[in-house]
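Input: a single structure, listed below in structure tokens.
Nothing in this text is a laboratory measurement; each read-out follows from the coordinates by a stated rule. Since we're looking at a predicted model, the values are computed, not measured. Heads up, the Cβs are rebuilt from the backbone with ideal geometry, glycines too, and the neighbour counts pull from every protein chain shown.
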Amino acid sequence: MNLIHRRICSSEKWAATVEERLTPWLEKRDLGDDVLEIGPGFGATTAVLLKAVPKLTVLEIDHASSELLRAKYGDRAAVVEGSGAQMPFEANRFSAVVCFTMLHHVPTKELQDAIFAEAARVLRPGGTYCGSDGQLNLRFRLLHIGDTMNVVDPATFPARLGKAGFAQVDVQVEPKQLVIFSAAKPG
């Protein structure tokens, strides 16, 4: 992430915005008893998830972010440093896997697909993979100057999730250029 992006994502204003938008979304979903969050970054979504789920594990690839997450939430969530494309968890462990505004930071489509396949592997049968990600617009592009920005195409996203082993795939584009998705591991 570039410096401006880091400042925004680590700000109290961003954390408040995330809580305001994510809390009602979570209230409409049953994520079960053991949830994995992929790529929490500075932890704004983690803070909200901790209020909504009984057990939370976060998987973060960036060392500095992992250390920050341990310091902030290590007493309430298991913080694991590693890649979503090669998750260090046993198969069928989690009741839900979530990721919010992180997929566009994954540099290639192949790595994104590996994350989808790993999410399916670590989910219990009947478990849910869900989240959101940004879409290309001028503001989003400007925020990512000098960053990795590989947005997920909502037109091909359902087929990619299906190929990873998911069913009941739902992909929606919100008016604010946000893609909301959910899928289930067949059970």
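Before moving on, here are some points about what is shown:
- Cα-based radius of gyration of region 1-158 once divided by 2.2 N^0.38 Å, which approximates compact folds: 0.99
- The chain, relative contact order [Cα under 8 Å, separation at least 6], %: 19 percent
- Label-to-label distance, nm, for residues given as Val80 and Asp33 (7 Å Cα→Cβ offset): 1.9 nm
- The label point for Glu90 and the one for Ala71, both projected 7 Å from the Cα toward the Cβ, are 3.4 nm apart.
- Note, ³J(HN,Hα) from phi for region 37-53, Karplus 6.51, -1.76, 1.60, rounded to Hz, x at Gly and Pro: 10, 9, x, x, x, 7, x, 4, 6, 4, 4, 6, 4, 4, 7, 10, 10
- Relative contact order [Cα under 8 Å, 6+ residues apart], region 1-94, whole percent: 24 percent
- Rg and Dmax of region 70-187, based on Cα coordinates, read 14.7, 42 Å.
- With a simple spin-label model that places each label point 7 Å from the Cα along the Cα-to-Cβ direction, the separation between Glu110 and Gln168 comes to 3.3 nm.
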